[in-house]
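In what follows, a structure is listed as structure tokens, so that the remarks can point back to it.
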Amino acid sequence: MTRTAFVVSHTHWDREWYETYQQFRLRLVRLMDKLLHILETDAAYRFFMLDGQTIVLEDYLQIRPQRENDLRRHIQSGRLLIGPWHVLPDEFLVSGEALVRNLLLGHRTCARFGGEMRVGYIPDPFGHISQMPQILRGFGLASAALRRGLDDHPTELLWQSPDGSSVLLCYLRDGYDNAARLPVQDGDAFVREVRRLAERLAPFCTTDNVLLMNGVDHMEPVPELPAMMAYAGQAAPDLRLLHSTLPAYVDAVTRDRGGDLSTLTTVKGELRSPRRHHLLPGVLSTRMWIKQRNGHVQNLLSYWAEPFSAWAAVAGGDVSAGWLRGQAVWQAWRYLLENHPHDSICGCGIDQVHREMATRFDWAEQIAEQVSASSLATLAEEVDTTVSGAASRALAVVVFNPLPASRTEVVTVDVQLPGSLQEFVVLSADGQVVPHQAEIHPGTEYASMQFGRDELVALPDMVTMLAGLGLSLQEVEVRKRQGGADIDVTLMKGGVTEPELLDQVKVELAGLLADSTLQAFSARAHLTATATVHFLARDVPGCGYSTYYLRPAQSQHGSPVPDHSDKVWQLENEFVAATIDPEDGTVCLRDKTTGVVFAGLNRFVDGGDRGDEYNYCAPEADLLVSASVRPPRLEWIEQGPARWCIRVTQEYQVPVSLSADRASRSEETILVPIQTEYSLSPGARRLDVRTEVENRVQDHRLSAVFPTPVRTAWTEAESTFDVVRRPIALPADTADWVEQPVNTHPQGTFVDASDGLSGLMVANRGLPEFGAQLDDQGRATLAVTLLRCVGWLSRDDMSCRQGHAGPALETPEAQCPGRHVFEYALIPHQGNWQTCHSEALAFNLPLRAVQTTVHAGALPASGGFLTLEGEGLVLSAVKAAEDGSGLVIRVYNPLVRPVAARLSFLWPVESASLVDLKEDNVRELALDSADAHVLRFVLKGKEIGTVRVRLHLDGPGS
């Protein structure tokens, strides 16, 4: 039988890993120079694939800008294959929106150069998400190629997402480097090796085509390859060798099957088997600070900067400002995406690599925060805050909600207080007093001066100059004294000096000058006092806002301080009651709806880790530390009325490192302080937890553990555009696997254990690894990894994995010394995760508030720009369309059944269409004949739906 061997020349380009980005970039320049020379001088060297990512073009052209036309020529001729990605990302540690932005940016770059490889090439991520086929299909990609996460499968499969979307999957069964080391100096040896590789794959191929991947990490093109292939063509006529491409291989497989792929073996959902290739699951918790920062910046971009800059452009009508914000957001995404390659976001590089990631996180966060702040300020300026008879002495605060349903929650805002507001109450727009508590911070002195009558005349001009320094005048108080006067000036950062106030100052100064007995004057300028205010914002509309007011009060009448002399450390509202155990610091949580009690929650367990950046591995003689060396110290931090908080301080006696032989933990120990704050607010269905750890030890893993009374064989956890069910029990008979399966798994905002009647959800902020196990009665215990601290990039002396996963380099900063803060929440519930998914999202996206003035505006005092209705539906994106025409709204359905979506807008809908993920039109959507503000469509089970809307902007409510 004559087989066709498709030889695909490529490089796998880890942008940063065991060397830094700049060090690898110099190697990239050498590779690209060599490649371009080969392509220009040897027509027989037909193709080369640039690893499915386009950022390598940018990296190269920054050094060799004069080669852009050469690159474009070879790309357009089809000899140099690029895309479809911007970077090759990890899939479990980045958000769905990050993956979409990644492909959008890759698509944009491919369009610029005139060619795109139409295969979803993802050769090396550490496992694959369930919805990747649907995402690829959303970009018009009908095939994928990968190596990790599968078992003993054939080389061609159908890979199906839970919504039914499927792609042809080319399983790189023997790796993306199976033909990287061909002996190109000896023709006969070359033939023997090619034959061996083809025969090794042949039993698993569904056609007469085999795929030989001629490349590996950072490998340069092999100029001898065409001559060797020509020799093989003569010496081995039974083996047809083609120097070819992945798309050509996909076409050949499809053609040889007569176009019918339906009979291929189908694999469904996420791919996370470590049977044949390392999965490397320990990366979920390596250098946890990276995951926390990434989650925070993703949320900033996806739920604040992008949507509210879009709403601000619509409401404010400033097209140029909206365009600038949109460009800035894309730049922030670029910086963030540069941290998403798997070796970067997984934390499995050398220390310097991850130090440089911190700077990119900083840049992305700075842009996202600035865009968010300016957008919210623009919207606040458009809100009519004069309702409810708001007086000039009132201070207005506009509270914003990024989620598409109304919510009641405590919001925290820092405000600047003029002297008349040192004592205040907080009112809603309808005049209702709302619970609040505040910490007041005295203002700081700005300037102090003495002057005579001549200088007094210039004081108004000096006040006007303050605007150039970012300050505004708030209050002026003049006090006469014998022979002169003292002038007290209160300034505020930002804001605008009201002309009426400036006129008043001039009048008072004129009065002083009219009195000739006044000769000596002093002026003291100081910034306003500030306050951190926590108040209960009720029913803030979806993707919208509500206005609140700080009004002067005669005195502060807070809630009476509770009497805790009975030492019952309990937080309680109408939904939950949480009692802190003074003996061990754990919390007992009672769900007042179901009556179910969850005892012993949030116990910290610290164990040894002899693994590396890729894999957790317990030492053979491990020592688990699960209790403080002395009873914890408990204290009340906040006592309402807006929030109650108890702080628990513990000290764990922990071994300082592993023993010298790494088989156990050291005998030397040190105290590790752990401080936890439990917070509860009125109306909240969750207990918020903030844990601070001072890490003083090495080679260990610290987890927060949550035993439950729930009997279940499964956990359910949020994933990318999905909620995934996974068995708690591990597979049996795995001795011959290249890596042993583990009971830790990836999660998005939550993990949940339930029996369908009741359960416990643990939500988190940027903590992507959870564990689960069953006790001898079948009850589930959940765990969230807080820290995993190791000192090696890779080791080969672990029982959990065969061989190295990278070079054996020491990485002392992966021990994560110093202070760490972790935030998570406990949510008892009835039913399953569906009843409280919104709580996990709300925990990750707290309300924000902006101080503003009392002023007229085009927007009402409270309003929702967008409300989403439909059981379980999740809003994933609100953004300006890539072509600048309208808004793009993305919603996904995590349920297995179809759900009707109802979108309600503040403005009437002019037109709407269903679009794919690259925002190309699929079909027009019919408008609601009964309500011009409403758009309806149906999402299949597990479907991601994206719509483009154009709004009629004559005015809100029109």
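Details
- Accessible carbon and sulfur surface of region 709-754 relative to its total accessible area, %, 1.4 Å: 56
- What the Cβ-Cβ distance of Val629 and Gln422 gives, at R0 = 56 Å and to the nearest 0.05, is a FRET efficiency of 0.80.
- Arg195-Asp384 FRET efficiency (beta carbon distance; Förster radius 60 Å; 0.05 resolution): 0.15
- Most simply put, the chain has about 85% antiparallel DSSP beta bridges, counting only bridges with both residues inside it.
- Centroid-to-centroid, using Cα positions, region 436-509 and region 34-91 are 62 Å apart.
- Each Cα pair under 8 Å and six or more residues apart adds its sequence gap; the mean of these over the residue count of the chain is a relative contact order of 12 percent.
- Long-range Cα-Cα pairs in region 445-528 (distance over 19 Å), rounded percent: 32
- Carbon + sulfur, % of accessible area of region 3-279 - ligands and nucleic acids excluded, 1.4 Å: 47
- Each part reduced to its alpha carbon centroid, region 232-291 and region 864-930 end up 35 Å apart.
- Cα-based reach from Lys480 at 27 Å (exclusive), listing lysines while leaving out same-chain residues under 8 positions away: Lys506
- Derived scalar couplings between HN and Hα for region 751-757 equal 10, 9, 10, 8, 10, x, 9 Hz in order, rounded to whole Hz, by the Karplus curve 6.51 cos²θ - 1.76 cosθ + 1.60 (θ = phi - 60°), x for Gly and Pro.
- Stretching Glu58 away from Val738 to a fully extended chain increases their span by 241.1 nm, per 0.36 nm per residue minus the current alpha-carbon distance.
- A DSSP coil position with no more than 15 other Cβ atoms inside 10 Å describes the following trypsin sites (Lys or Arg not before Pro) in region 643-752: Arg696.
- Antiparallel beta bridges, as assigned by DSSP with both residues in region 767-905, represent about 100 percent of the total such bridges.
- Greater than 28 Å apart at Cα, pairs in Lys291/Lys879; Lys918/Lys940; Lys268/Lys940; Lys268/Lys592; Lys291/Lys592: Lys268/Lys592; Lys291/Lys592
- Point-to-point label distance, Gln66-Arg240, nm (Cα→Cβ direction, 7 Å offset): 4.4
- Gain upon complete extension [Lys918, Asp208; 0.36 nm per residue less C-alpha separation]: 252.1 nm
- Shown here: semi-axes √(5λ) of the Cα gyration tensor in Å, derived from the displayed model; of the candidates (1) 38, 36, 32; (2) 63, 41, 23; (3) 54, 35, 28, it corresponds to (3).
- Modelled this way, with points 7 Å down the Cα-to-C-beta line, the labels at Gln370 and Glu871 are 4.7 nm from one another.
- Cα shape, region 170-222, gyration tensor, a/c 1.5 rule: oblate
- In range of the label at Asp414: residues from region 821-859 whose backbone nitrogen is under 14 Å from the point 7 Å along Cα→Cβ: 849-851
- Accessible area (Å², per residue) of the chain, counting only protein heavy atoms and a probe of 1.4 Å: 38
- The loop-placed trypsin sites (Lys or Arg not before Pro) in region 335-409, going by DSSP, that have at most 15 neighbouring Cβ atoms within 10 Å of their Cβ come out as Arg393.
- Cα centroid separation - region 723-762 against region 592-664, whole Å: 21
- Phi angles of region 591-602 translate, via the Karplus equation with coefficients 6.51, -1.76, 1.60 and θ = phi - 60°, into HN-Hα couplings of 7, 6, 7, 9, x, 6, 10, 10, 9, x, 7, 6 Hz per residue; Gly and Pro are given as x.
- Helix-only [θ]222 nm of the chain, DSSP H runs n ≥ 4, -39500 (n - 2.57) each, per residue, nearest 500: -7000 deg cm²/dmol
- Rounded percent of accessible protein surface that carbon and sulfur make up, region 311-448, 1.4 Å probe: 52
- Taking all protein chains together and rolling a 1.4 Å probe, Cys836 ends up with roughly 10 Å² accessible.
- Placing a label point 7 Å from the Cα of Thr517 along the Cα-to-Cβ line, the residues of region 475-495 whose backbone N sits under 19 Å from it are 478-487.
- Taking GluC sites (Glu not before Pro) across region 835-885, the ones in a DSSP loop with at most 14 further Cβ atoms lying within 10 angstrom of their Cβ are Glu871.
- Phi angles across region 671-677 convert, under the Karplus curve 6.51 cos²θ - 1.76 cosθ + 1.60 with θ = phi - 60°, into 3J(HN,Hα) values of 7, 10, x, 10, 10, 10, 10 Hz, Gly and Pro given as x.
- Extension gain, Ala43 to Arg819: 0.36 nm times the residue separation minus the Cα-Cα distance gives 273.5 nm.
- Glu667/Gln802 FRET efficiency (R0 45 Å; Cβ-Cβ; nearest 0.05): 0.90
- For a label point 7 Å along the Cα-to-beta-carbon line of Ala926, residues of region 874-903 with backbone N under 19 Å: 899-903
- Inter-probe distance in nm under a simple model that places probes 7 Å from Cα toward Cβ, at Ala142 and Lys34: 3.7
The values are calculated or read from the model by the stated rules, or taken from the named source; none is laboratory data. Predicted, not measured: the structure shown is a model, and the values here were computed from it. Glycine gets a Cβ as well: all are built from the backbone with ideal geometry, and neighbour counts include every protein chain shown. Protein only, heavy atoms only, side chains kept; ligands, DNA and RNA dropped before computing areas. Shrake-Rupley method; radii C 1.70, N 1.55, O 1.52, S 1.80 Å.
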